[in-house]
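Participant: Dropping a structure here in C-alpha cells format, bear with me for questions.
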Amino acid sequence: MMYPRVFAQKVGHTRDNLQRDVCGFTIKPQKGQQKKDESKQYLEVMNMELRSQEVRTLAPENDPLKMGMGWKVEDLAKPQIMVESTFGDSHPGSAHLDQFVKEAVQAVNDNGGKAARYFATDMCDGIAQGHDGINYSLPHRDAIVNLVEAQANASVYDGGVFIASCDKSVPAMLMSIGRLKEMSAIMVTGGVMEAHTLPKKYVVNDPACAINDLLTLEQIGKFDAWEKTGVIPNEQLDYYKHNACPSCGACSFMGTASTMQVMAEALGLMLPGTALMPATAPELKQAAYDAGVQMMKLVEQGITAKDIVTKKSFENAIMVHAAISGSTNATMHLPAIAHEFGIEIDADTFDRMHRGAHYLLNIRPSGDWPAQYFYYAGGVPRVMEEIKSMLHLDVLTVTGKTLGENLEELKHNGFYEHCDEILKEKTAHLGIHVTREDIIHSFDNAKGTNGSIAILKGNLAPEGSVIKHTACPKNMFTATLHAKPYDSEEACIAAVLHGEVKPGDAIFIRYEGPRGSGMPEMFYTGEAICADPKLASSVALITDGRFSGASRGPVIGHVSPEAAVGGPIALVEKDDLIQIDVPNRLLAIVGVKGEPKTPAEMDAILAERRAKWQPREPKYKSGLLKLYSQHAVSPMKGAYME
C-alpha cells in the first residue's frame, strides 16, 4: 500500500507511533503495550502449530545456534520469518534492496515475530549482453528458486517476505513462493528507476515515441546501432550511455522486470498499489515495512500462499498483462510460476485471454512514457479498475481481503488523488498538460482491443511461438518472406549491420533455445533491425531464443520445438518462403527456393530434411548450463527445469 507524503509532512508523526490500515491511509494511535499483549496472546495459542517450533523439538542444536548469531531466548518461540531478497552489487535493480530488507525485518520484529535475512543475488541481462554471460540469464532463474527452497526448508520458517526487482529475480521469487506454498508469503518489489531528462542538444526525433525529452535504457540498443551506422557521433552515444540509468530500480520501461512486478501484484501477493513505484519514492520504504506487518497478520490468520494464488489469480494476471502490453517473457514465466503452485497455465491460455482484451497502457517500449509514470497514473489498481468487468473480484489477496474489497477501498482512501498530485508535479517541467488517461487509457478509449500477445503455430512452430503484436508494424501482420537462417546471434547481427539483410527477408537465429544455449535474448539484433528504416517494417526476426521485454518490431520468439531437439526451425533453408499471419495465428514454411508449395508438398520436403538432420554436440559440458540444457522444458510450458 501507499501513503501520501502530505500526511507525513502535515501530521509529522513517525512510523513508530502510527498504525495504518492495510489498504489505506487511516492513522490511529499506536498503543505499544496493547500491541505486545495481543502478540503474546496469539503466539501462545499457535506456538505449537508453527513449523519453526516443531523443528526446535527435533534438533537440540537449533536454539544455541540461533542464539550464537544474536537471538535472545524470547526470540526462539516467536514466529520465524525469512526475509529473502536478491540484494547485491550486481545491477541497479538489486543494489538498493537492502533498505527494504531493513524495513521488512524491523516490521516483523516490531510485531511479534523474529526475522532472518537471506540473500540470493541475481544477475543482469543488460550487463550480460553481448557475450556468453547472457546464456546464464534464464537458467539462473531456476538456480535462485533452488537456493531459496534449500534456505527455507533447511532452517524451516513460518512465512517469508520476498524482495526483488528484475527480469529473472521477480519470477524466481514468485516460483519460490509457489514451491513453498504451504507457508505464508508476501512480495515486495524494488520499484523502477527514474528517466533522465535530456538537454535539447541530445533530443532526437524518434517516430516510435512522442516523448523524446526523456531517456530510458531500452533506447541504448537503438542509439548504439545508430552510432555504428554513422547516424549519431560517438560523443552522443556516450552521453546516452552515461545518463540512461540515473537511479537504482528496474529499467524504466514495460520490459520483463516491470511486467513481472505488475504480475506479482496482479496475483494478489503484494499490497495494493505498491508494484512498480519509483525506486526513489519514500512510499516504497513504507510499503516494505507494511509488508512485514502484514506478514505477521497472515501467519496469525493461517493464510498461506496456496490460499491466495489460484487458477483465478493467474487469469486475473493474464488479463492485466493484456491491458499493459506486457513482455512476451511473461508467457514463459507465468506458466513456470503456475507449475510450482500445481496449476496448469500455458502459452495458449495467453492467446485465448488476450483475444478481445483491451490494451490500455501508453508506456515504453510500445508507448511514449517511461515506466515510473505508471505509478503516477494509478498503477495496477487503476488498470484493474478499468478492466474490472473481466476480473475475478472474489479472489483472496495478501491483505486478507478480496480483490474487489481492495479496489473499493482504494477509491475512498486518497490513493488516486495522491497519484494525481505526483503526476502533476512530475510532468510540470515538460510544459504540457498530462492526465492519467494519457498514460493509462480508459477501457472505452483503449489503445487496442485485441490484447498484445499472439501465439502463432504451424509447421514451423507446432508447439507455438510468441509475438507482441502491439509492437509490430501493422503491415507485417500478414507477410510472406524469404528465409535467411543463422545458427548464432553473432552471425546474424553481423549480417544486419553489414547490409546483407534486405527488405522481405525473414532472418532466423536458431540453436538458442533452452536446450541449445540456455535461451538468451536476441535484443541487439532486433534493435539493429528497428534502427534501420529500410528494415524496420519489412524484415522479420524469428528465433527459438527469446527477446528482451524492450524489443520492438516484427520479432517472433520461443519457437517450439527448438532447433536443438530437432524442431522444424532447424530444418529451415535459405530462400524458403515463410508465412506470417498474426490474425490467423499462423507461422509456416510455405515454399522452397522462392517457389510456393502445397501443404502436402511441404510436409514431404520437411520429412526428407528431418531424416538427414543430425543433433549437435551439446554446447555445455559442465556446470549450470549443462544441467539446464539437459532438463529444461519447452518455453511454451515455462522453460523450467524438470
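The values are calculated or read from the model by the stated rules, or taken from the named source; none is laboratory data. Keep in mind it's a predicted model, so treat the numbers as computed, not measured. Glycine also receives a Cβ, built like all others from the backbone with ideal geometry; neighbour counts cover every protein chain displayed. The accessibility values were calculated without ligands, DNA or RNA, using every heavy atom of the protein model including side chains. Shrake-Rupley method; radii C 1.70, N 1.55, O 1.52, S 1.80 Å.
Participant: Order of 255-265, 515-525, 454-464, 567-577 by packing, highest average Cβ count within 10 Å first?
Facilitator: 255-265, 515-525, 454-464, 567-577
Participant: Could you state the angle between the C-alpha long axis of helix 32-46 and the longest principal axis of the C-alpha atoms of the chain, as a value from 0 to 90 degrees rounded to the nearest 10?
Facilitator: Roughly 70 degrees, rounded to the nearest 10.
Participant: Under a point-charge model restricted to the Cβ atoms of Lys and Arg (+1) and Asp and Glu (-1), what is the dipole moment magnitude of the chain relative to its Cα centre, in debye to the nearest 20?
Facilitator: It works out to roughly 140 debye.
Participant: With a probe of 1.4 Å, find how much accessible area segment 413-545 has per residue, and write the answer as a whole number in Å².
Facilitator: 37
Participant: Can you give me the C-alpha center-to-center distance between segment 362-377 and segment 393-467, rounded to a whole angstrom?
Facilitator: What the calculation gives is 10 Å, centre to centre.
Participant: To test your reading of the geometry: what angle, between 0 and 90 degrees and rounded to tens, separates the Cα axis of helix 282-301 from the longest principal axis of the chain?
Facilitator: Between the helix axis and the principal axis of the chain, the angle is about 70 degrees.
Participant: Which value, to two decimals, describes the C-alpha radius of gyration of segment 491-642 once divided by 2.2 N^0.38 Å?
Facilitator: Relative to the rule-of-thumb radius for its length, segment 491-642 sits at 1.07.
Participant: If you take the charge dipole of segment 397-453 about its Cα centre, with +1 on Lys and Arg Cβ and -1 on Asp and Glu Cβ, which of 430, 406, 451 is farthest toward its positive end?
Facilitator: It is 451.
Participant: What ranking, highest mean first, results for peptides 442-449, 99-106 when packing means the other Cβ atoms within 10 Å averaged over each residue?
Facilitator: 99-106, 442-449
Participant: While we're looking at this one, here's another question. Before rounding to the nearest 500, sum -39500 (n - 2.57) across all DSSP H runs of length at least 4 in the chain and divide by the residue total; then give [θ] at 222 nm in deg cm²/dmol.
Facilitator: -11500 deg cm²/dmol
Participant: If I take every Cα pair under 8 Å that is 6 or more residues apart in segment 429-499, average their sequence separation and divide by the length, what percent do I get for the relative contact order?
Facilitator: 16
Participant: Taking residue 297 as the anchor, which aspartates and glutamates have their alpha carbon closer than 13 Å to its alpha carbon, excluding any fewer than eight residues away along the same chain?
Facilitator: List returned: 21, 38, 110, 158.
Participant: Okay, next question. Using the per-residue mean of other Cβ atoms lying within 10 Å as a proxy for protection, in what order, highest first, do the peptides 300-307, 82-89 fall?
Facilitator: Order by mean packing, descending: 82-89, 300-307.
Participant: Below 15 angstrom from the Cβ of residue 432, what's the summed charge of the other residues (Lys, Arg +1; Asp, Glu -1)?
Facilitator: -2
Participant: Ok, one more. Kindly report the accessible area of segment 361-404 per residue (heavy atoms of protein chains, probe 1.4 Å, no ligands, DNA or RNA), in Å².
Facilitator: 22
Participant: Can I ask one more? When the accessible area of the chain is split by element with a 1.4 Å probe, what percent falls to carbon and sulfur?
Facilitator: With neighbouring chains kept in place, the figure for the chain is 52 percent.
Participant: Next question. At 1.4 Å probe size, put 369, 613 in order of accessible surface, largest to smallest.
Facilitator: 613, 369
Participant: Further question on the same structure: On average, how much accessible surface per residue is there in segment 255-359, in Å², for a 1.4 Å probe, leaving out ligands, DNA and RNA?
Facilitator: 21
Participant: Heads up, I need the accessible area for residue 182: 1.4 angstrom probe, whole protein in place, Å², nearest 10.
Facilitator: 110
Participant: A further question follows. Just to confirm the filter: which GluC sites (Glu not before Pro) across segment 306-404 are DSSP coil and have at most 12 other Cβ within 10 angstrom of their Cβ?
Facilitator: Answer in residue order: 344.
Participant: Now a separate question. Relative to the longest principal axis of the C-alpha atoms of the chain, give the angle of the C-alpha long axis of helix 330-340, reported between 0 and 90° and rounded to the nearest 10°.
Facilitator: Here the helix axis deviates by roughly 50 degrees.
Participant: Using 0.36 nm per residue, how much length does the chain from residue 90 to residue 401 gain when fully extended, once their Cα-Cα distance is taken away?
Facilitator: Result: 108.3 nm gained on full extension.
Participant: Taking loop as defined by DSSP and a crowding limit of 14 other beta carbons within 10 Å, which GluC sites (Glu not before Pro) in segment 46-76 fit?
Facilitator: 61
Participant: To make sure I understand the rule: partners must be aspartates and glutamates, Cα under 17 Å from the Cα of residue 200, and not fewer than 8 residues away in the same chain. Which ones qualify?
Facilitator: 213, 235, 238
Participant: Would you list which lysines come within 21 Å of residue 484, measuring only between C-alpha atoms, while excluding same-chain residues fewer than 8 positions from it?
Facilitator: By straight Cα distance, residue 484 reaches 457, 502, 534, 574, 593, 597, 612.
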